[in-house]
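Everything on this sheet refers to the single structure shown next.
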Amino acid sequence: MSHLWERLAEAKSRLAPVQSKYRVLFEDPSQPDAPAAVLVPDPNWMAAALAGGVLPPIDTYLRDRDVPDGQPKEHPYAEPIGAMTEEEAIEYLIMKDIPPAVWRDYKGNRSILRIVPVELIPSDRSFRNAWRVNQNMELVA
Amino acid sequence: MSTLNVSNITDGTTTVGTSYVVNGSAKAWVNFNQSSSVGINHSFNVSSWTDGSTGRATTNLTNAMAASEQPCSASATTLSSGSTNYSNGAYMDAASAIKFERESASGSAHDTNNVSVLANGDLA
């Protein structure tokens, strides 16, 4: 089985990029004064996720979080998984790229993570550092 | 996919080991906008990009680097339409995350288009 990096190179040569119609808004409870962050799925990664046969299982990334820096990691050598839907891919991405403190461990009352259509992200960045996840299902500045 | 299994590459005069080529190539790269049209333009080995705040962003890698002390760099225009110049910087926050920062000389964070981030070094 090939290394993940080699599979990514092969997939990029074969698959057209897919721009996701979703963004993920989140607030990090460990940084209460920080504004809401916006996670943008990568188009080449999304194409690989939808095609299947490229990306490793998400649990390999989760186990690799506990591997000390500089030690061998599991995810580059894991058997690739099959095709995902876009919604499944976003869920995978949340677990991979957003701290577990946001999507797993948070017990507070505020809603701090939300998947939204691209159109709901404000294009006016004048007050970017005041963005919060609105508790009425909208992001406001 | 075909595979060439060779230990050296030559042009007839100069010969280099293929390990130099592999080790010297960029392991991840991305070009993104952090302005009104937030998004990724071009990339390789990137799973997502996080817009953290004005002038602050994180590039998340699909295949992590071997360790967090790997070389990386970022570039974007340093010019503004006024008298302010900007500096851009990048560092690896973890083996799979590259932080990007852009500020003026006075320390004010600033957004811009056409930011490029590269990572070199060893893969996990």
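The values are calculated or read from the model by the stated rules, or taken from the named source; none is laboratory data. These numbers were taken from a predicted model, which means no experiment stands behind them. When we count neighbours, we look across all protein chains shown, and the Cβ atoms used for this are built from the backbone with ideal geometry, even at glycine. Calculation scope for accessible area: heavy atoms of the full protein, side chains included, ligands and nucleic acids excluded. Shrake-Rupley method; radii C 1.70, N 1.55, O 1.52, S 1.80 Å.
Restriction of the trypsin sites (Lys or Arg not before Pro) in the stretch A:1-32 to DSSP coil positions whose beta-carbon has at most 13 other beta-carbons within 10 angstrom yields A:Lys21.
Computed per residue of the protein assembly as shown from DSSP H runs no shorter than four, each worth -39500 (n - 2.57), the mean residue ellipticity at 222 nm is -5000 deg cm²/dmol. The amide H of B:Lys27, built 1.01 Å from its N in the peptide plane, has B:Ala119, B:Asn120, B:Gly121 as neighbours under 5 Å, considering only residues 5 or more places off or on other chains.
Could you give the semi-axes, largest first, of the ellipsoid that matches the stretch B:1-109, computed as the square roots of 5 times the alpha carbon gyration tensor eigenvalues and rounded to whole Å?
Values: eigenvalues 226, 57, 36 Å².
Equivalent ellipsoid semi-axes, largest first: 34, 17, 13 Å.
Counting, for every residue in B:56-69, the Cβ atoms of other protein chains within 10 Å of its Cβ and taking the mean gives 6.
The modelled label-to-label distance for the pair B:Ser7/B:Ser25, using points 7 Å beyond Cα in the direction of Cβ, is 2.1 nm. Hull volume per residue, based on the alpha-carbon atoms of the protein assembly as shown and their convex hull, is 155 Å³.
Placing a pseudo-label 7 Å from each Cα along the Cα-to-Cβ vector at A:Arg14 and B:Ala94 gives an inter-label distance of 3.0 nm. With an 8 Å cut-off on Cα pairs and a minimum separation of 6 or more residues, tell me the relative contact order of the stretch B:26-119 in percent. Rounded, it is 34 percent for the stretch B:26-119. Remark: the stretch B:34-47, residue by residue, has Karplus-estimated 3J(HN,Hα) of 10, 8, 4, 10, 5, x, 9, 8, 9, 6, 8, 6, 10, 9 Hz, where x stands for each Gly or Pro and the curve is 6.51 cos²θ - 1.76 cosθ + 1.60 at θ = phi - 60°.
Taking the protein heavy atoms of the protein assembly as shown in the context of the full set of protein chains, the accessible area attributed to carbon and sulfur is 52 percent at 1.4 Å.
The contact residues of the stretch B:103-124, meaning those that lose at least 40 Å² of 1.4 Å-probe accessible area when all protein chains sit together rather than their chain alone, are B:Ala124. Summarising the amide proton neighbourhood of B:Tyr91: residues at separation of 5 or more, or on other chains, whose placed amide H is nearer than 5 Å comprise B:Lys99.
Between A:Gln135 and A:Arg63, the modelled labels are 4.1 nm apart [label points 7 Å from Cα along Cα→Cβ].
Rounded to whole numbers, the Karplus 3J(HN,Hα) couplings from phi for the stretch A:112-122 are 10, 9, 8, 9, 10, x, 3, 5, 7, 7, x Hz, using 6.51 cos²θ - 1.76 cosθ + 1.60 with θ = phi - 60°, and x at Gly and Pro. Packing, as the average of other Cβ atoms within 10 Å across residues, places the peptides B:12-25, A:89-102 in the order A:89-102, B:12-25, highest first. In a fully extended conformation the segment linking A:Ala101 and A:Val118 would gain 3.7 nm over its present Cα-Cα distance, using 0.36 nm per residue.
Measuring r between the beta carbons of B:Ser81 and B:Asn120 and using R0 = 41 Å, the FRET efficiency lands at 0.80. Karplus-derived 3J(HN,Hα) values for the stretch A:10-21, using 6.51 cos²θ - 1.76 cosθ + 1.60 with θ = phi - 60°, are 5, 5, 5, 6, 10, 10, 6, x, 10, 7, 5, 8 Hz; glycine and proline are entered as x. Normalised by the number of residues in chain A, the average gap of Cα pairs under 8 Å and 6 or more apart makes the relative contact order 30 percent.
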